[in-house]
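Just so you know, all these numbers are worked out from the coordinates, no wet-lab data involved. If you're wondering where the values come from, they're calculated on a predicted model, not measured in any experiment. So basically every Cβ, Gly included, is an ideal-geometry build from the backbone, and we count neighbours across all protein chains shown.
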Amino acid sequence: MPSAHYLPLDPQASDADDLEEEEGQQEHRTSMNNNQYNIRYHPQPAVDYDVVVDDDDNDDDRTPTMGKAPRLSRSIPSRRRCWIMPIMLLVPFCIVFLYFMLSSQTLGLGTSLEDVDDDYEPHNDSPNTHALNETLHICSESHEDGRLYVQDKPSSAYAQLPVIYFVTPTYPRREQIPELTRLAHSLLHVPRLHWLVANDHERCDTYMDILLNRFGIPFTHMASPMPHKFRNSKPAPRGVANRRAALQWIRQHNLTNGVLYFGDDDNTYDLRLFTEIRQTQRVSMFPVGLIADYAVSGPVVRDGKVVAFLDSWVAARRWPVDMAGFAVNLGYMSLYPNVNMPYKPGYEEDLFLRSIGLHIDQIEPRGNNCTEILVWHTQTKNKKSPVVRLEKKYLDGRSNLGALFRSLKVMGVAFASDTEGPLATISKNGKGKPHSYFLS
Ligand code: UDP
Ligand code: MN
């Protein structure tokens, strides 16, 4: 029976040409085998327990200190004295060693891509990696699947499949409703899917509630605006606040079963993508078409394993992949409580994947070993909503135009005005006539 519950995978064979990295990961994989995850994100300094010998002779009084020198308030027995000396000599040596290691990294000396660690090292200059704490309003949601049939089978036939949590950041512009409509008609063919529509907007949009309800796809509609301080930054962190809000929602619901996928509102999805990602055990990856200079971005696969990445913009990213190019098992993600997606344009995917401690050995290549394109980074031309001159007195029940323009206004597509914009042309037999001719 298929399940998206996280199942520990067998250890993967080492890559002969990557020995250095392998050694560094040994400890990590050993703990994987024991089903104990080594959470590497934001490692905490080790807390030493220093036995403080108090005057009340209570030797059980253990106080955590951050690597302070031992506090000795009584004479030291000779057995302890003999190991304290080497430690005291070792500590300054360690400090000097660490100092050189860190400064050479900061200066970019002696680091290769293979050396890049799992933490946020190249990016921790950013002030925008704060914990998930987004403004989030749940506008409406439905956990019921209103579709009787999906792909020629009753919805109930799919009950055993893991749920795909499809996160769509979206924002108000004239193309929003058409994009969501097109996407919904793809998702309508996908069983066991919960659509998280996160709108980059201050308020709940009731038109969107009605639209989403009509499709019958289980959904959650939330309003999660980009914080003001990022609005005018160039480039702006597009779709970050809303994806973060969706991550928060997943965490709040303690979801540990199912698969997470970030699906933008303007991409094009092949239905086979959903079959491919549904069985994700940890993180699956696959190529995305129409990305940047090569019109493609995705993993390089040899002998069924991801060994590198093809993408025209590396920019020191450890994971140079598009947001649509991977899926994550929620059981696996739940093991990383510091999951994050920072407000750092261009680095959202990389830093998100770092925050869940991903290692290249763990990636599951999909789409016939990454030979097929199952998702396209299509982009819709973004234009300003026009204002059309069409007098209000004609926008009543005498013709369709009143209702039509009210609806276009609600969708943010076009606006009618008594005084502004180019005069609306209304014609018959190839000839424009005054509005009064047809509408009064
Ligand atoms: N987006 C958003 N707020 C914005 C701009 C974009 O929520 O201010 C969403 C958008 O609807 C899309 C995703 O973020 O789902 C990525 O944006 P876009 O498609 O414009 O960027 P692309 O990746 O195509 O350059
Ligand atoms: Mn896009």
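Each residue in the range 353-411 was checked for being assigned to a loop (DSSP other than H, G, I, E, B) and away from ligand 2 (no atom under 16 Å from the Cβ), and 20 pass. When 241, 184 are checked against the criterion of being in contact with an Asp or Glu (Cβ under 7 Å, 6 or more places away or on another chain) and in a helix (DSSP H, G or I), a single residue qualifies: 241. If you go through the range 142-154 and pick out every residue that is outside any strand (DSSP E or B) and buried (at least 16 other Cβ atoms within 10 Å of the Cβ), you end up with 2.
For the structure I just gave you, tell me whether residue 296 is touching a Gly at 6+ places or on another chain (Cβ under 6 Å) and on the phi < 0 side of the Ramachandran plot. So residue 296 fits the description; yes. The residues listed here are 306, 314; of these, the one that is away from ligand 1 (no atom under 15 Å from the Cβ), among the aliphatic types (A, V, I, L, M) and outside any strand (DSSP E or B) is 314. Inside the range 290-300, residues that are surrounded by fewer than 22 Cβ atoms within 10 Å (Cβ to Cβ) and in a strand (DSSP E or B) make up a count of 2.
Residues of the range 223-246 include none that is more than 12 Å from the chain's Cα centre (by Cα) and more than 15 Å from ligand 1 (Cβ to nearest atom). In the set 256, 275, only one residue is assigned to a loop (DSSP other than H, G, I, E, B), more than 12 Å from ligand 1 (Cβ to nearest atom), hydroxyl-bearing (Ser, Thr, Tyr) and surrounded by fewer than 24 Cβ atoms within 10 Å (Cβ to Cβ); that residue is 256. Residues considered: 310, 271, 290. Of these, the only one that is more than 18 Å from the chain's Cα centre (by Cα), hydrophobic (A, V, I, L, M, F, W, C) and within 16 Å of ligand 2 (Cβ to nearest atom) is 290.
Taken together, 264, 200 contain a single residue that is in contact with a Gly (Cβ under 8 Å, 6 or more places away or on another chain) and under 19 Å from residue 325 (Cβ atoms), which is 264.
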